[in-house]
Each structure stands twice: as structure tokens, then as C-alpha cells.
1. For region 32-73, give me each residue that is assigned to a helix (DSSP H, G or I), in contact (Cβ under 8 Å) with a residue 40 or more places away in the chain and open to solvent by 30 Å² or more (accessible area, probe 1.4 Å).
2. What is the residue count in region 1-31 for residues that are among the β-branched types (Val, Ile, Thr), modelled with pLDDT of 95 or more and within 16 Å of the chain's Cα centre (by Cα)?
3. Looking at region 82-114 only, could you name the residues that are touching an Asp or Glu at 6+ places or on another chain (Cβ under 7 Å) and open to solvent by less than 60 Å² (accessible area, probe 1.4 Å)?
4. Identify all residues within region 122-135 that are in a loop (DSSP other than H, G, I, E, B), within 11 Å of Ala62 (Cα to Cα) and not charged (D, E, K, R); write none if there are none.
5. Among the numbered criteria (1) among the basic types (Lys, Arg); (2) part of a helix (DSSP H, G or I); (3) more than 22 Å from Thr125 (Cβ to Cβ), which single criterion is violated by Lys19?
6. Sort out which residues of region 115-135 are open to solvent by 30 Å² or more (accessible area, probe 1.4 Å) and small (Gly, Ala, Ser), and write them in order of number.
Amino acid sequence: MNFLELTQKRYSVRRFQTKAVEPEKLEYVMQAVRNAPSACNRQPWLFYMVNDEEKLASLHQAYDREWFRTAPLCIVACGNHDESWHRQADGKDACDIDVAIAVTHLTLAAAEQGLGSCWICNFDTKKCAAALQLPANMEPVALIPIGYPDTEQPEKSRKDFGQILNRDFWK
């Protein structure tokens, strides 16, 4: 499968099989995260892999959706703003961008391994931080439930090139 095919294969899964994910597949996925680029190579992230039932129940309090409870595990992507690069001109913190790049690597590697995932940003970060007992400098950025999909891939709708690409400055 080439890269374009992989990007077409990946979709947001919102119903999972109860089957456990093999440790070697998770290691592969996390190796892809480890290879992700970041501003000035700071790698200002820490990923928590959660499959313990008690901890998962705590995470479910941070994002209370029935479909989320079907995932056998959840990876929580956290950013460390103390370690991230900040642009000199205006102080912009690249932490969220860096974590987003790493999560993109994660979701694509999961799809390549036949796993499903969903990128969740709409959750209660305080409840999540409490559930994982995160230090103050670690911000939970995304929840990524992972498992084997229990749904068929829906047809994707995408904007036309003319709606996403401005070629006015290209010769």
C-alpha cells in the first residue's frame, strides 16, 4: 500500500471489536510516533497507553460517549509546554502542532496495522489530567481510542482541489 492509499484507508472509528490489540502492533504504532518530527526536535510529548479497566473508566468520565467505551484501549497524547519550542518573533508555542504531527503518525500507523482510531479533542482535560495524575506541565491534548474496527469504512467526502489550494503564486 502506498502513502496515498494509506491516507484513504484511515478513518475515524467509532465502534470497536472487543478483541485485544497485540503488543507488537502497539509497539509498531508507537515507533511511528517516536519517528515524528517536531520543532527543533524538542519532542515535547508523552503518550500514555491505557488499557487498565479502572483507568479507562476514569477516562470515560472525561469523554462520556457510549462509542468511546467500546475501545479496548486509549492512548492519551500529552504535550509539555516547558519543553516545546517557542517562536522568537511572537512567542508562539509549537507544542500542539508537534503533538498533532505525532498523533497523525500514530493514526496512520494504526490504520496500516489494520487498527482503527479516532482523534478526540473535545474532552474534559481536567478530568483526564486527574485520571492520569499528570504533572502541571503536562497538558492532555488528544484522546485516541485504538482497536479493531467493528464498522465498515464510510465513504469519505473531500473538498475539491479548488477549495483547498490557491495556486495564485505558483508558476
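1. Result: Cys40, Lys55, Ser58, Gln61, Trp67, Thr70.
2. 2
3. If the condition is that a residue be touching an Asp or Glu at 6+ places or on another chain (Cβ under 7 Å) and open to solvent by less than 60 Å² (accessible area, probe 1.4 Å), then Ser84 is the only one that fits.
4. Applying the first criterion (in a loop (DSSP other than H, G, I, E, B)) to region 122-135 yields 122-124, 133-135.
In the following step, the residues that additionally are within 11 Å of Ala62 (Cα to Cα) were identified as 122-124.
Matches in region 122-135: Asn122, Phe123.
5. Lys19 satisfies every listed condition except (2).
6. Scanning region 115-135 gives a single hit, Ala130.
The values are calculated or read from the model by the stated rules, or taken from the named source; none is laboratory data. Small disclaimer: the values here were computed from a predicted structure and weren't measured. Positions of Cβ are backbone-derived with ideal geometry, glycine not excepted, and every protein chain shown enters the neighbour counts. SASA here: full protein model, heavy atoms, side chains in, ligands and nucleic acids out. Shrake-Rupley method; radii C 1.70, N 1.55, O 1.52, S 1.80 Å.
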